[in-house]
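Colleague: Take a look at this one; I'll ask things after.
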Amino acid sequence: MELVRSLHNISNAGRGCVLTVGNYDGVHLGHRQMIGVLKSRAAELRCPATVLVFEPSSKEFIDPDAAPPRLTRWREKFLALQAQGVERLVTLRFDECMRAMTPQCFVDELIVAALGTRHMVVGDDFRYGSNAGGTIESLRAAGQASGFGVEQIAPFILDSMRVSSTAVRERLERGDCAGAARLLGRRYRMIGRVVPGEKLGRTFGFPTANLRLMRRKPPLWGVFAARVHGIESRALGGVASLGTRPTVNGTEPLLEAHIFDFAGDLYGVPIEVEFIAKLRDEVKFGSVDAMIAQMKVDAAQARDSLLRVDSG
């Protein structure tokens with residue numbers, strides 16, 4: 001997949017695309033439906049299937065404290081879109097200039113002049129430009145004037161409900177990993193490189209691979225049965241804890257994965273932690289001994305959960 005970090009990096013030879021614009025957080029089944037149509041139209045018009053995203057998102061830029069938790073940080077989004085066959089990802093910085101861009105300027109400067117868009121694929125709730133003032137109706141009118149088509153895609157409905165990033169977040173927040181996986185079309189994962197920790201887990205008999213979250217806030221917290229990808233050809237079972245580690249006076253949110261029956265050095269290794277089932281919330285224990293006793297229970301419950309999933 002071609003990555004374009006700035007509009008200045010699109011040469012004249014690279015202009016011309018079938019385009020969709022959005023946050024694409026999670027790349028869930030609804031997003032996949034959009035990408036399927038995007039790829040079909042791109043094949044018909046013989047130009048790249050292109051996704052335009054903004055970093056940070058508009059909500060994160062305007063009110064970072066109120067912005068919803070990210071399902072996918074940028075790297076995870078890149079890999080998910082690549083896996084879906086997107087040919088070009090354009091990532092633009094969302095700043096005050098972008099925030100102030102009128103709907104007409106958005107069309108004239110980005111969609112037409114910079115990208116040379118021939119066709120757009122959008123959802124039913126698509127808005128663009130300052131104060132989200134641009135609508136699908138105004139986009140259709142702009143397309144007729146500038147020579148690009150606009151195709152509106154109906155929401156993806158599953159179990160009588162609309163699939164959305166918000167719906168995925170809601171399920172993860174309440175610990176419904178299976179429900180989130182159904183909307184995503186895969187189990188929820190976090191990706192990162194293993195970083196050095198305080199090695200406390202090793203002293204407790206539970207060595208962990210630690211990942212920094214690389215996002216302001218995660219969509220889920222607690223202790224989970226998990227699988228870890230990227231170490232061996234097969235996924236390895238384990239138990240993962242995502243939180244601030246209050247019993248040992250931790251402050252920074254951290255993802256810690258204890259991998260069953262594994263003792264290798266993973267520092268610097270990129271891994272994926274796949275969340276299978278929530279076991280419990282994070283709590284502050286009265287003593288380290290009480291915490292270690294609960295960690296043994298968690299590990300046993302995680303093994304049982306993984307066996308049930310494998311046999312079911």
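Colleague: Are any of the residues in the stretch 88-101 free of Cβ contacts under 8 Å to residues at least 40 places away in the same chain, part of a loop (DSSP other than H, G, I, E, B) and under 24 Å from Glu137 (Cα atoms)?
Modeller: Yes, the stretch 88-101 contains at least one residue that is free of Cβ contacts under 8 Å to residues at least 40 places away in the same chain, part of a loop (DSSP other than H, G, I, E, B) and under 24 Å from Glu137 (Cα atoms).
Colleague: Tell me yes or no: at least one residue of the stretch 263-270 is under 22 Å from Arg186 (Cβ atoms), assigned by TED's automatic domain parsing to the domain that holds Pro196, touching a residue at least 12 places away in the same chain (Cβ under 8 Å) and part of a strand (DSSP E or B). Show your work before the answer.
Modeller: Here is the first cut: in the stretch 263-270, the residues under 22 Å from Arg186 (Cβ atoms) are 269-270.
Next cut, assigned by TED's automatic domain parsing to the domain that holds Pro196 only: 269-270.
Pick out the ones that are also touching a residue at least 12 places away in the same chain (Cβ under 8 Å) and you get 269-270.
Those left that are additionally part of a strand (DSSP E or B): 270.
Within the stretch 263-270, one or more residues are under 22 Å from Arg186 (Cβ atoms), assigned by TED's automatic domain parsing to the domain that holds Pro196, touching a residue at least 12 places away in the same chain (Cβ under 8 Å) and part of a strand (DSSP E or B).
Matching residues to (1) loosely packed, with under 15 Cβ neighbours inside 10 Å; (2) assigned to a loop (DSSP other than H, G, I, E, B):
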{"position": "Asn131", "(1), (2)": "yes, no"}
{"position": "Arg140", "(1), (2)": "no, no"}
{"position": "Val150", "(1), (2)": "no, no"}
{"position": "Leu172", "(1), (2)": "no, no"}
{"position": "Gly175", "(1), (2)": "no, yes"}
{"position": "Gly179", "(1), (2)": "no, no"}
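Colleague: Considering every residue within the stretch 196-206, establish whether at least one is part of a strand (DSSP E or B), in the same structural domain as Gly268 (by TED's automatic domain parsing) and of a type outside the set (S, T, N, Q).
Modeller: no
Colleague: Tell me yes or no: at least one residue of the stretch 43-58 is buried (at least 19 other Cβ atoms within 10 Å of the Cβ), in contact with an Asp or Glu (Cβ under 6 Å, 6 or more places away or on another chain) and either charged (D, E, K, R) or within 17 Å of Ala132 (Cα to Cα) (or both).
Modeller: no
Colleague: How many of the residues in the stretch 44-74 are within 15 Å of Leu92 (Cα to Cα), among the small types (Gly, Ala, Ser) and outside any loop (DSSP other than H, G, I, E, B)?
Modeller: 1
The values are calculated or read from the model by the stated rules, or taken from the named source; none is laboratory data. All of these numbers come straight from a predicted model, not from anything done at the bench. Positions of Cβ are generated from backbone atoms using ideal geometry, with glycine treated the same way; all protein chains shown enter the neighbour counts.
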